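See structure below.
Taken together, the values in this text are just the output of simple stated rules run on the coordinates, not laboratory data. Note that the structure is a prediction, hence the values are computed from the model and not measured. Cβ atoms come from the backbone with ideal geometry, glycine included; neighbour counts cover every protein chain shown.
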Amino acid sequence: MDKKSVLISASGRVSRLPPYLFAELDRKKAAVARKGVDIIDFGIGDPDLPTPDFVVSAASEALRDPAFHRYPRNEGSPFFLDAASAWMSREFGVEPGEDVSHAAVIGTKEGIAHVPVAFCNPGDVVLVPSPGYPVYRAAAILADAVPVEVPLRRENGFLPDLDSLEPSILKSARMIYLNYPNNPTGAVMSGEDMRRIVEFARREDLLIVSDNSYSHIRFDGGKPASFLQIEGAAPLCLEFHSLSKTFSMTGWRIGFVTGGTRLVKAFMSAKENIDSGVFTAIQKAGAAALASPPEAIADRVAVYARRRALLIEGLRKLSWDVCDCPASLYLWAAVPKGWTSIDFASWLITASGIVVTPGSGFGTWGEGYVRFSLTLPEERIHKALGRLEQLEFHSLRGRTAMRRSRKCQEES
């Protein structure tokens, strides 16, 4: 019997996702590594500092408790929610009450990605920062919403240019993603800026989705900030807090969402139909992290501060145009004239074995920049700066640079 050939294709939503810009960079990285080159990878923001011992010990003890081997409570165990509430009170002055609730998420990436599922209808506009974390755009697309970029321009301190949005866009807008301290630029937002955003959201009937993953990684002495510190923000805001960067727990996959009780309840009503919550033993580890003394965070930030200072000084000596923004785990630097960010990042791998992230991967307004992560030890940063000095790439301009880029690509 003849069998009918069946071709099952992905959904239209998947086809609308942005192309994976880094596939070619991964290929080049692998090709250079096969030649025996020591790859120095500034690409991913994955902390190299280990998770604190007291957090690991809390998880180890919890793993031995059979009660924690069963399904977790989807919204989070009471002890973790209490720890999240105490963290918000101690670190931000946001006191518990009937109008503010918390819930556990399997890392902020998962939580952020599910917000449009809970709040958007097909065709709704989702305002996404550009440059910005790619998940914001992808989450909108997968919910059949329409992502619209909000420019973050250097001359505006990489703050959202809300005046650039057309009234027709705002009429259909349902929510806005914001991320300060910012990935990839390192910019921060003042309390007055936050107040202006809250007023804008109230006027335009927008949900604010605040990604506060880098709240405590600041190098300017500024205090961690939350949108929920702004009077009247809670009914308009869902804010996500991550343990990944602050406590070096990227692999543990735990965070929490906080905001207006009605919003958190609506968000969880969608989420509980998608997953089964955070493993309870991991919640024990997360609660231990959130209850840790301030010096546990300060010591880690001090390490990143030394790395940042070393990298900024070294790059500027080589005539790099580095954006001196005061926070997050990244440096944002302009590429030489005549290059695109993807061409420059590709050439850098081939010519030096150094990996940076092209700014175009973060949206239209990321073009012209590359991102360095601060998750490498100082000796590796010294080594990278030595290689860059030998390249003397800062003297390359225009067509000459592009010809050299194409030649490197052909040779690889």
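For this structure, a couple of remarks:
- Three semi-axes describe the equivalent ellipsoid of the chain; taken as square roots of 5 times the Cα gyration tensor eigenvalues and ordered largest first, they are 35, 26, 24 Å.
- Legend: calculated FRET efficiency, S276 to R16, from the Cβ-Cβ distance at R0 = 30 Å, rounded to 0.05, equals 0.55.
- Translational diffusion coefficient of region 53-293 (Stokes-Einstein, Kirkwood radius from Cα pairs, 37 °C, 0.692 mPa s): 181 µm²/s.
- Value of Rg to Rh for region 1-159 (Rh from inverse mean 1/r over Cα pairs, i.e. Kirkwood): 1.06
- Each DSSP beta bridge with both residues in the chain is either parallel or antiparallel, and the antiparallel ones are about 55%.
- Counting only residues at least eight positions apart within a chain, or on another chain, there are no lysines with an alpha carbon under 16 Å from that of K35.
- Proximal charge balance of P151 [Cβ under 11 Å; K/R count +1, D/E count -1]: -2
- 5 angstrom amide H check on D124, placed H, neighbours 5+ away: V146
- Ranked by how many other beta carbons lie within 10 Å on average, peptides 327-338, 176-187 from highest: 176-187, 327-338
- Cα-based reach from K337 at 28 Å (exclusive), listing lysines while leaving out same-chain residues under 8 positions away: K28, K29, K317, K383, K407
- Candidate lysines - alpha carbon under 20 Å from K245, same-chain residues fewer than 8 apart omitted: K109, K223, K284
- Counting only whole DSSP H helices of the chain, the ones at least 18 Å long by C-alpha along their axis and with mean Kyte-Doolittle hydropathy no lower than -0.5 are 78-92, 294-317.
- Sum of -39500 (n - 2.57) over DSSP H runs of 4+, divided by residues of the chain (222 nm, nearest 500): -13000 deg cm²/dmol
- The residues neighbouring H102, those whose beta-carbon lies less than 11 Å from its own, together hold a net charge of -3 under the Lys/Arg +1, Asp/Glu -1 convention.
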